[in-house]
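Enquirer: Just dropping this structure here.
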């Protein structure tokens, strides 16, 4: 097998090598294609004897049938529990004996896998990863064991205020759209998933056509090419994956309260955001940093934490999904001050819509967002994450070079324009888990309680 | 620039690691160095550790103070952590909030954290900014300014932090009660963030007293990790931190535990708890213990018992017997005083906390009587040695390993030789360590249950 394989491995195609210049250093992304036509992005880093691979398949938990929500998540949790000739125990012991780290995860729009190994075990690690994705067993024992763990965790979350608020927010925002459902499913839906569902999932959702791969570490392109074919060659050329319908979050103000006997209310707020391919993405990105994205520097932190001490943490973030875009945020504050803190959030939304941001704020945001970016390229693991995220978002390898200019191009006018689209207090969807004082449920949040 | 005169410089080269199985190195040249710290101590007592990593043009700059919550005086719980917050509130040279603004404007990411044994501040930043950040960190080592109107809102922030981390979460509340039961006298029984009623009464003067007592270069460790050369960092350290005078600091003497002669049991029921859980915690030696081989044996033991899905406890309780949905063990030698060795499990719906306890105890008795197998030993050692190699991917992680260990009283030698010492652990040492640590009389059992479930 080794011999036959070598003969096959010779014509490795290098599509492109992109040099990304960072201060004094370069991250060199090699776009490679295996002899069998499988594409991957590679960053060689021979200084540490480790190889990391991240893989993502388009189409995630949002494609689960409504009555079987959590299917992708259960598959992700059981795909490393036996494959081929290895039962669960044998598979895990083999990983353990070689100290190979291998795991899977499911999010709304993707199913992902990660692999990390000492480079001396690279062949074997890739082989085991390939077995897991192409020939998973889904034996009864591990499936029921893992299902029990997931249900135990789901049960625990029923009294976790952060989880309750988050789930309720998505239900309120997305109604009947699949985005309303949690990726892990519910106690009822996860119980309904059968072994056949898992087998069908593995056969139909993981294809070569919806897969992106990022590899970083002590491995060359010539070594990686043949390994890709061995690992992924048995996957179907085409996965039966579609994209969930485009949608928008609820376009009206709502406050929902989930009563919980806790001293501090957990608040999740948000509304219309934008998707990653929106031309205004960078303006929104900078806007978000100034409003609530920068840890100690944001307007919300200044007003709500620094000046008034109402919260330990208040934050906002962009949540671009494939079929919708969100602008999200949250904080926790004593039950007595929820109303005050929420009003401060709304005041800041109105202010930034009316006045935009100052030249100084914009300049500081740009120097932070560009200056701190190299920090995210400082470990193999982080680079592997970024390689996959870039491909998943259809960004070119040159993005790492172009990013500073894209951010620097954002103007005060851009930010003001985008703020009109995103941060409308009259369309703010708010969920509070706790015992907030003087706050009443309203809008769609009042009806659905 | 003042001439650099390090008192003590050495480069610790990584020693030979010999391990069984697939990781076996054929000869010494194959053995990778783990960390290669360069160390010096300035005349004012500041210890400087440099970890070079030239993969990316970034650097982690950290200052660790050898003082934490366990050094607090009675009635003042939470002051170590509260001061950590207040260190961002301005100096003779910087307005409140200016420190963080400058960090952000220079593309830096920063934070700070407090434990029972240390308080640490860090910035991750592009390497060319290192001198600026050293200047600012040195400034707040010596020039902090606090006023009541700045301190007051921050006290509310800390109380909200306590609500978020602890009071909102029954498992966290139980954790506090558990630690208080574990330690009758030692301050590890008091939570790092402090008891609410004591936090509420902390004052500006308390914070200043704490700062003036403990924040001095001879009580600190500077760690710089990243795309730097040690000699250049030493020179910068001398320039920025060197001029700060040393001050006398109190001896680090804490109330020590009386001998524990009776097993303690603590139970808590709460309607917010939806899944029952059990744990048992045994007093165990800390990183300052003279018997380092025993510490490494305990680490291997915890890996064999509870390290992941192939471990004894998980394999037996979760996979084979279906008694627990999850179960395991952990031991962390990284504390200044007594540590603990913990075993835990959450029963499945068909089983009770008592079933979990009995099954875990049966495994412990088996290890005490029959020891562990060579296969288990080798698998555990390989995992720990691989972790040591994986750790090299994160230069921030490496900085944390050194800072935490040094601030907890461990030595550079014990850190860099850790893989070798792990590789030398024998099955007999593991069994001896188990016999010694698993003394029922020196343990605490905790049961956390929903209100309607009987344990």
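Enquirer: Can you give the calculated 222 nm mean residue ellipticity of chain A, where each DSSP H run of n ≥ 4 adds -39,500 (n - 2.57) and the sum is split over every residue, rounded to the nearest 500 deg cm²/dmol? Intermediate results must be reported in sequence, preceding the final value.
Expert: Numbers: 16 runs with 178 residues, N = 449.
Helix contribution divided over all residues of chain A: -12000 deg cm²/dmol.
Enquirer: List the equivalent ellipsoid semi-axes of the protein assembly as shown in whole Å, largest first, each obtained as the square root of 5λ for an eigenvalue λ of the Cα gyration tensor.
Expert: Rounded to whole Å, the semi-axes are 37, 36, 33.
Enquirer: Taking the range A:192-327, how much of its Cα-Cα pair set, in percent, is spaced more than 28 angstrom apart?
Expert: 51 percent
Enquirer: Taking a quarter of the surface of the convex hull around the Cα atoms of chain B, what do you get in nm²?
Expert: On the way: hull surface 91.2 nm².
One quarter of the hull surface, i.e. the mean projection, equals 22.8 nm².
Enquirer: Above 36 angstrom, tally the Cα pairs of chain A and express them as a % of all pairs, no decimals.
Expert: Cα-Cα pairs in chain A separated by more than 36 Å: 35 percent.
Enquirer: If I fit a long axis through the Cα atoms of helix B:395-407 and take the longest principal axis of the Cα atoms of chain B, what angle between them do I get, 0 to 90°, rounded to 10?
Expert: Around 90 degrees separate the two axes.
Enquirer: List the equivalent ellipsoid semi-axes of the range A:73-187 in whole Å, largest first, each obtained as the square root of 5λ for an eigenvalue λ of the Cα gyration tensor. Walk me through the numbers before you get to the answer.
Expert: On the way: eigenvalues 199, 46, 32 Å².
The answer is 32, 15, 13 Å, longest axis first.
Enquirer: Please give the per residue volume of the convex hull enclosing the alpha carbon atoms of the range B:264-449, rounded to a whole number of Å³. Intermediate values should be presented prior to the final figure.
Expert: On the way: hull volume 24.3 nm³, N = 186.
It is 130 Å³ per residue.
Enquirer: Arrange the following residues from fewest to most other Cβ atoms within 10 Å of their Cβ: A:89, B:229, A:116.
Expert: Ranking A:89, B:229, A:116 by Cβ neighbours within 10 Å, fewest first, gives B:229, A:89, A:116.
Enquirer: Hey, another quick one. Under the Kirkwood approximation applied to all pairs of distinct alpha-carbon atoms, what is the hydrodynamic radius of the range A:333-449 in Å?
Expert: Working: mean 1/r = 0.0561 Å⁻¹.
By the Kirkwood definition, the hydrodynamic radius is 17.8 Å.
Enquirer: Still on this structure, please answer the following. Would you calculate the convex hull of the Cα atoms in the range B:156-310 and tell me its volume per residue in Å³?
Expert: Per-residue hull volume (Cα only) is 243 Å³.
Enquirer: Something else: Per q in 0.08, 0.09, 0.13 Å⁻¹, report the Debye log10 I(q)/I(0) for the range B:10-240, using one uniform scatterer on each alpha carbon and no solvent.
Expert: Those come out to -0.37, -0.47, -0.87, one per q.
Enquirer: Here's something else I'd like to know. For the residue pair residue A:376 and residue A:107, what label-to-label distance in nm results when each label sits 7 Å from Cα along the Cα-to-beta-carbon direction?
Expert: 1.1 nm
Enquirer: Further, regarding this structure: Set the Förster distance to 35 Å, then compute FRET efficiency between residue B:426 and residue B:387 from the Cβ-Cβ distance, nearest 0.05. Don't jump to the answer; show the numbers that get you there.
Expert: Working: r = 20 Å, r/R0 = 0.57.
The pair residue B:426/residue B:387 has a calculated efficiency of 0.95.
Enquirer: Another question, then. When every alpha-carbon pair in the range A:129-264 is counted, what percent end up more than 27 Å apart?
Expert: Within the range A:129-264, distances greater than 27 Å cover 46 percent of Cα pairs.
Enquirer: So what is the relative contact order of chain B, in percent, for Cα pairs below 8 Å that sit 6 or more residues apart?
Expert: 22 percent
Enquirer: Per residue of chain B, what 222 nm ellipticity follows from adding -39500 (n - 2.57) for every DSSP H run with n ≥ 4, rounded to the nearest 500?
Expert: So the helix-based figure for chain B works out to -11000 deg cm²/dmol.
Enquirer: For the range A:254-447, what is the convex hull volume of its Cα atoms per residue in Å³?
Expert: 132 Å³
Enquirer: In the range A:305-366, how does Rg compare with the Kirkwood Rh, expressed as the Rg/Rh ratio over alpha carbon atoms?
Expert: 1.02
Enquirer: For a Förster distance of 51 Å, can you work out the FRET efficiency between the beta-carbons of residue B:354 and residue B:113, rounded to the nearest 0.05?
Expert: 0.85
Enquirer: Can you pull the one-decimal nm distance between simple spin-label points at residue B:452 and residue A:261, each 7 Å off the Cα toward Cβ?
Expert: 1.4 nm
Enquirer: Return, for the Cα atoms of the range B:49-140, the radius of gyration and Dmax in Å, separated by a comma.
Expert: 14.4, 48
Enquirer: Mind checking Rg over Rh on the range A:370-418, alpha carbons, Kirkwood formula for Rh?
Expert: Numbers: Rg = 13.0 Å, Rh = 12.3 Å.
So for the range A:370-418, dividing Rg by the Kirkwood Rh gives 1.06.
Enquirer: Still on this structure, please answer the following. To the nearest 0.05, how large is the calculated FRET efficiency for residue B:135 and residue A:135 if R₀ is 45 Å and r is the Cβ-Cβ distance?
Expert: Taking R0 as 45 Å, the efficiency between residue B:135 and residue A:135 is 0.15.
Enquirer: Using label points projected 7 Å from each Cα along Cα→Cβ, tell me how many nm separate residue A:295 and residue A:220, to one decimal.
Expert: 4.1 nm
Enquirer: Moving to a separate point now. Treating the angle as unsigned and between 0 and 90°, give the value, to the nearest 10°, between the Cα long axis of helix A:88-97 and the longest Cα principal axis of chain A.
Expert: On a 0 to 90 degree scale, this one is about 90.
Enquirer: How much length would be gained if the chain were fully extended between residue B:246 and residue B:264, taking 0.36 nm per residue of separation minus their Cα-Cα distance, in nm to one decimal?
Expert: Gain on extension, residue B:246 to residue B:264, equals 2.1 nm.
Enquirer: Tell me whether the range A:2-232 comes out rounded, prolate or oblate; compute the Cα gyration tensor, take square roots of the eigenvalues as a ≥ b ≥ c, and use a/c under 1.5 as the rounded threshold.
Expert: Prolate is the answer for the range A:2-232, as a/c is 1.5 or above and a/b outweighs b/c.
Enquirer: What is the list of residues in the range A:209-235 whose amide nitrogen lies under 19 Å from a point 7 angstrom out from the Cα of residue A:94, following Cα to Cβ?
Expert: Taking a point 7 Å out along Cα→Cβ of residue A:94, the residues of the range A:209-235 whose backbone N falls under 19 Å are A:227-235.
Rule-based calculations on the coordinates, nothing more; no lab input. Model, not experiment: these values are computed from the prediction. With ideal geometry, Cβ positions are generated from the backbone for all residues, glycine too; neighbour counts draw on all protein chains shown.
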